[in-house]
Amino acid sequence: MDFYTAFSYVTLPFLLVALAYTWKYESSRYFLLFMTGLEIIDIALYKVSYTWTTHLYLYNMVTCLLFLVPIIYRNRIAYALHEMTGISFFYRVYKNHHLSVQEVGFILLYVVDLILAAFNYLEVWLYKFYVIDGWIMGNGVRNFILITLNLLMCCGLLTYLLKTPDRERFYKDHGESYTSDSLK
């Protein structure tokens, strides 16, 4: 296993630590369970996806979009799950949803990763159709960007877990005036 492959697994331990630390906060638990589930699926498909030589970058784009869903649509998903199941946990998550600064940072990181994967996918097709003779973005540059994004994700998760108690206390103290209830 090379360094880049091993480094791609580093996010899962950070997610598990963040999940354990913020377990008593329902909104954070819901968000981190979504992210952990998607990360486990991504890790399970890692070896299979690397056999898709041409379409590897398409797979990367799809996973980036899948990781964006629980961040952007978490409130709507919780409301839909409450409507389907009637479980009060989802309604509480829906009512107490607050987009954090770290989640906005996660959106930015996944968008950068999505753009990088789209560029690489386009580059592969241009190379296959003999439009270009060499790689515009070599593996060294791409791998450096991916490692940087992974490190920033881990730092964001660490910040998220450290800020969660203060954020939850703030919204509990200040009540409904700061909630983002967009589905009323």
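The values are calculated or read from the model by the stated rules, or taken from the named source; none is laboratory data. The shown structure was predicted, so the numbers you read here are calculated from the model rather than taken from an experiment. Every residue, glycine among them, receives a Cβ derived from its backbone with ideal geometry; neighbour counts consider all protein chains shown. Note: accessible area is taken over every heavy atom of the protein model, side chains too, but ligands, DNA and RNA are not part of it. Shrake-Rupley method; radii C 1.70, N 1.55, O 1.52, S 1.80 Å.
In nanometres, what is the gap between the two model label sites at Cys154 and Leu126, each 7 Å from Cα along Cα-to-Cβ?
Result: 3.3 nm between the two label points.
Report Rg(Cα)/(2.2 N^0.38 Å) for the chain, keeping two decimals. Present the calculation step by step, with values, prior to reporting the outcome.
On the way: Rg = 18.6 Å, N = 184, 2.2 N^0.38 = 16.0 Å.
Relative to the rule-of-thumb radius for its length, the chain sits at 1.17.
May I ask for the angle, rounded to the nearest 10°, between helix 11-21 and the longest principal axis of the chain, with both axes built from Cα atoms and the value confined to 0 to 90°?
Value to nearest ten degrees: 10.
What is the extension gain from Phe170 to Leu65, computed as 0.36 nm multiplied by their sequence separation minus the C-alpha to C-alpha distance, in nm to one decimal? Please list the in-between numbers first.
Working: separation 105, 0.36 × 105 = 37.80 nm, distance 3.06 nm.
Taking 0.36 nm per residue and subtracting the Cα distance, the gain is 34.7 nm.
With a 1.4 Å probe and all protein chains kept in place, how do Trp135, Trp125 rank by accessible area, largest first? Intermediate results must be reported in sequence, preceding the final value.
Working: Trp135 135, Trp125 80 Å².
Correct descending sequence by accessible area is Trp135, Trp125.
Helix 74-85 against the longest principal axis of the chain: what's the angle in degrees, Cα atoms only, rounded to the nearest 10?
That works out to roughly 70 degrees.
Please list, in order along segment 131-136, the HN-Hα scalar couplings obtained from phi with the Karplus expression 6.51 cos²θ - 1.76 cosθ + 1.60 (θ = phi - 60°), rounded to whole Hz, x for Gly and Pro.
7, 10, 9, x, 7, 6
Considering only protein heavy atoms, what per residue accessible area in square angstrom results for the chain with a 1.4 angstrom probe?
58
Please give the Cα centre distance for segment 1-67 versus segment 92-134, rounded to the nearest Å.
So the two Cα centres are separated by 14 Å.
So what's the angle, to the nearest 10 degrees on a 0 to 90 scale, between helix 101-128 and the longest Cα principal axis of the chain?
Approximately 20 degrees, to the nearest ten.
At a Förster radius of 45 Å, what calculated FRET efficiency corresponds to the Cβ-Cβ distance of Arg76 and Asp2, to the nearest 0.05? Don't skip to the answer; put the middle values down first.
Values: r = 40 Å, r/R0 = 0.88.
That gives a FRET efficiency of 0.70.
On the accessible surface of segment 45-116, probed at 1.4 Å, how many percent belong to carbon and sulfur atoms?
On the way: 2780 of 3850 Å².
On segment 45-116, the fraction of accessible area on carbon and sulfur atoms equals 72 percent.
Rounded to the nearest 500, what is the chain's calculated 222 nm mean residue ellipticity when only DSSP H runs of at least 4 contribute -39500 (n - 2.57) each, over all residues?
Calculated from helices alone, the mean residue ellipticity at 222 nm is -25000 deg cm²/dmol.
Computing the accessible area with a 1.4 Å probe over protein heavy atoms, can you report the carbon and sulfur percentage for segment 122-167?
Values: 2010 of 2850 Å².
The computed percentage sits at 71.
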